[in-house]
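Accompanying notes for the structure given below.
The values are calculated or read from the model by the stated rules, or taken from the named source; none is laboratory data. Keep in mind the model is a prediction, meaning the values are calculated, not measured. Here the Cβ is made from the backbone with ideal geometry for all residues, glycine too, and neighbour counts use every protein chain on show.
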Amino acid sequence: MHIRELWRYPVKSMLGESCETLAFDTRGAKNDRIFAVRTAEGKFGSGKNTRRFRRIDGLFRFSASYQDDAPVITFPDGATRRGGDRNLDAALSDACAQPVTLTREAEVPHFDAGAVHLVTTSALAWLQNQLPDCTVEPSRFRPNLVVDDDGAALDDKDWIGGIIRIGDVELEVAEATERCGMVAFPQGSYAFEPKILRTITQNANLNFGLYANVRATGVLSVNDPLRLEKP
């Protein structure tokens, strides 16, 4: 097995950036979801409503990347603004049709659940086989790691409790990822695909992907080999 793709998402619920190398610390992928769009009521912009998050439709129309550890946001009209721009919050508020600010993470991480999210090519191939007319791409599921495990079956649940070793990095697989409507949302060039969530709900108990925590830190690169020690 090896790493096929690495991803991070500078702003929660915006499209992210593909990386050739990515550092991991005890929090997770470096600078992953460090920023979030915050509403006037103090909730963080997301694709769903929870105690901490507030659904803001259209965040997937934005994308974000880093330049010297500062986020650069690309708006739906193609305009870009860098974090720290005094007009950024006003532009975001106008585009989101409500007052919002770009906020840096404080004491509580912006993650939904686990620190690191991964999907396997086996699970992706299984879902594609279920939905041959849909576009099943890894980035639709917003992983940090796409693991190439050379198969076509939804068989990653027995990874839970195991340890993934990639060079100096150790990841402890904590739980399955419970999906929400975000996987069906249009993202970039991807169309709205409600059958994706329906299939995961009916055939996988709403779970697709895995959350993991970092036990040993380091830097990962695309094509790095990995080893799984199952529980």
Pairs with Cβ under 6 Å, 6+ apart, first in region 29-57 and farther than 21 Å from Ala91 by Cβ, second part of a strand (DSSP E or B) and of a type in the set (A, V, I, L, M)
Ala29/Leu22; Lys30/Ala23
Could you please find all residues in region 58-80 being without any contact (Cβ under 8 Å) to a residue 40 or more places away in the chain and surrounded by 19 or more Cβ atoms within 10 Å (Cβ to Cβ)?
none
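When only residues in region 166-192 that are farther than 30 Å from Pro76 by Cβ and small (Gly, Ala, Ser) count, which is surrounded by the fewest Cβ atoms within 10 Å (Cβ to Cβ)? Quick ask: steps written out before the conclusion?
To start, the set of residues in region 166-192 that are farther than 30 Å from Pro76 by Cβ comprises 166-176.
Retained after the next criterion (residues that are small (Gly, Ala, Ser)): 167, 174, 176.
Values: Gly167: 13, Ala174: 16, Ala176: 19.
By that ranking, first place goes to Gly167.
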When every residue in region 193-231 that is of a type in the set (Ser, Thr, Tyr) and within 19 Å of Ala174 (Cβ to Cβ) is compared, the one surrounded by the fewest Cβ atoms within 10 Å (Cβ to Cβ) is Thr217
For region 177-191, pairs from a residue that is under 11 Å from Phe60 (Cβ atoms) to a residue that is among the small types (Gly, Ala, Ser) and modelled with pLDDT under 85, with Cβ under 8 Å and 6 or more apart or across chains, are Met182/Gly47; Phe185/Gly47
